[in-house]
Amino acid sequence: MLLLGIETSCDETAVALLEEAGSQPRVLAEEVASQTNVHELYGGVVPELASREHLRSLPILVDQVLHKAAVSTSDLGAVAVTQGPGLLGCLLVGINFAKGFTLANQIPLVGVNHIEAHLLSPRLACAQLEFPFLALVVSGGHTELHLVKEVGRYELLARTHDDAAGEAFDKSAHLLGFEYPGGPRLAAAADEFRLAGGSSRFKLPKVMQGSEGFSFSGLKTAIALMVKRATSADSAVRAELAHTVQEAIVDTLIGKVLEAKKRSGVTRVAVSGGVSANRRLRERLAQVVGGDVYFPDFKHCMDNAVMIAALGLERFRKCGVSSVEICARSRWPIESMEPLA
Ligand code: KG4
Ligand code: ZN
């Protein structure tokens, strides 16, 4: 069976075509249209502009993906679309397009939880990842740690009280003067500093250790003070500051993972979401967790439609869904998901 996945929850329009093939689905084609150039002028995502961009790009991407795979709409067995969480206007564009498309072509439609799709995305890269595992989801809007018992059965272990890890990277990057999108730029400067053998003179406090959940807002204040105190703003000092920030964010995430590992006795750890592309986080986790750590492919860390299509395929096979019930959900905690029957 062929399934088309659609993702429009934030600032990336993405479409992917998957073929069911044994235990692992096969990606036949995928496209992502990033909106970075639209939002960089404003230093962050402007929801109304993001919705309009999705409206413009989505039909083009669907045509491109079908054309690339030489597939016509009549070959599709189902469509999966991100139902939430995300920006309401953006979700509505994807859902309404998907409803029209599936109604016109008489194809079933499946609604998918974006965070659940991130959380399960390391399984696409590592077929040997077995349940149960600990899942750290670190994106621009979410930072949470779950115990994953099976698809649809998640026990929340920690969630951020304020900013998400990606947000912490982005806000720190802004304070340090990196242009939007700041997170990956800050990380690149920090990596360059570290790999050149640099050690930072700057110090940040250890935040929220021993408490429930994650918190990055205290760190943000400390970073703002640290930047203010730094006497120079040249690129060498900026890289040194970036290194200090990256180490502090990575330390916070690792501390929680180790604590959860100890408490639960579960050794497998899967990391997903935009921040899972961070090389320092990957390196440190591999050091402290050992061989039992799993990540998505780099191109599937950020928002993409392959993860949406893959989870859609799984849910469609086990549950089947009617398109009438699919409405946009700006908030949708994954501990409220139903296990697959
Ligand atoms: O998962 P994602 O594409 O979108 C959301 O669902 O939020 O994550 C985007 C986030 C942004 O905050 C971005 O700065 C961060 O992931 N990010 C990174 C890196 N690449 C992306 N943060 C740190 N290091 C990176 N290499
Ligand atoms: Zn995401």
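The values are calculated or read from the model by the stated rules, or taken from the named source; none is laboratory data. Keep in mind that what you see is a predicted model, and the values were worked out from it rather than measured. Every residue, glycine among them, receives a Cβ derived from its backbone with ideal geometry; neighbour counts consider all protein chains shown. Side chains are part of the model used for accessible areas, which takes the heavy atoms of the whole protein and leaves out ligands, DNA and RNA. Shrake-Rupley method; radii C 1.70, N 1.55, O 1.52, S 1.80 Å.
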The lone exception for Leu58 - which of (1) open to solvent by 40 Å² or more (accessible area, probe 1.4 Å); (2) in contact with a Phe, Trp or Tyr (Cβ under 6 Å, 6 or more places away or on another chain) it fails: (1)
Qualifying residue in the stretch 141-149 (condition: among the small types (Gly, Ala, Ser), away from ligand 2 (no atom under 16 Å from the Cβ) and either open to solvent by 20 Å² or more (accessible area, probe 1.4 Å) or more than 20 Å from the chain's Cα centre (by Cα) (or both)): no
Count of residues meeting criterion [more than 17 Å from Arg315 (Cβ to Cβ) and free of Cβ contacts under 8 Å to residues at least 40 places away in the same chain] in the stretch 73-124: 8
Residues being open to solvent by less than 40 Å² (accessible area, probe 1.4 Å) and not β-branched (Val, Ile, Thr) - total across the stretch 203-216: 6
Residue within the stretch 28-41 that is in contact with a strand residue (DSSP E or B) (Cβ under 6 Å, 6 or more places away or on another chain), in contact (Cβ under 8 Å) with a residue 12 or more places away in the chain and not in a strand (DSSP E or B) present: no
Of all residues making up the stretch 165-183, the number that are surrounded by fewer than 18 Cβ atoms within 10 Å (Cβ to Cβ) and modelled with pLDDT of 95 or more: 0
The listed residue being within 16 Å of ligand 1 (Cβ to nearest atom), over 16 Å from Ser276 (Cα atoms) and open to solvent by 10 Å² or more (accessible area, probe 1.4 Å), out of Asp162, Asp234, Asp191: Asp162
Residue tally, condition within 22 Å of Cys301 (Cα to Cα) and among the charged types (D, E, K, R), over the stretch 227-274: 4
Out of Glu48, Glu40, sole residue that is modelled with pLDDT of 95 or more and open to solvent by 50 Å² or more (accessible area, probe 1.4 Å): Glu48
Residue match in the stretch 26-37 (condition: under 23 Å from Phe298 (Cα atoms), among the acidic types (Asp, Glu), in contact with a Phe, Trp or Tyr (Cβ under 7 Å, 6 or more places away or on another chain) and within 15 Å of ligand 1 (Cβ to nearest atom)): no
Members of the stretch 129-145 that are away from ligand 1 (no atom under 16 Å from the Cβ), outside any loop (DSSP other than H, G, I, E, B) and either in contact with a helix residue (DSSP H, G or I) (Cβ under 8 Å, 6 or more places away or on another chain) or free of Cβ contacts under 8 Å to residues at least 12 places away in the same chain (or both): Leu134
Residues of the stretch 90-128 satisfying the condition of being surrounded by fewer than 23 Cβ atoms within 10 Å (Cβ to Cβ), more than 16 Å from ligand 1 (Cβ to nearest atom), in a helix (DSSP H, G or I) and not polar (S, T, N, Q): Leu92, Phe97, Lys99, Gly100, Phe101, Leu103, Ala104
Tabulated pairs, the stretch 182-196, first free of Cβ contacts under 8 Å to residues at least 40 places away in the same chain, second within 16 Å of ligand 2 (Cβ to nearest atom) and open to solvent by less than 40 Å² (accessible area, probe 1.4 Å), C-beta under 9 angstrom, 6+ apart or interchain: Gly182/Phe169
Lone unmet requirement of (1) under 30 Å from Phe178 (Cα atoms); (2) within 21 Å of the chain's Cα centre (by Cα); (3) open to solvent by 40 Å² or more (accessible area, probe 1.4 Å) for Arg26: (1)
Matching residues in the stretch 61-96 - criterion: being over 21 Å from Gly320 (Cβ atoms) and either in contact with a strand residue (DSSP E or B) (Cβ under 8 Å, 6 or more places away or on another chain) or of a type in the set (D, E, K, R) (or both): Leu61, Val62, Asp63, Gln64, Val65, Leu66, Lys68, Ala69, Val71, Pro85, Leu91
Residue, nearest to the chain's Cα centre (by Cα), within the stretch 257-299, restricted to residues that are within 24 Å of Pro25 (Cα to Cα), open to solvent by 10 Å² or more (accessible area, probe 1.4 Å) and near ligand 1 (Cβ under 10 Å from one of its atoms): Gly274
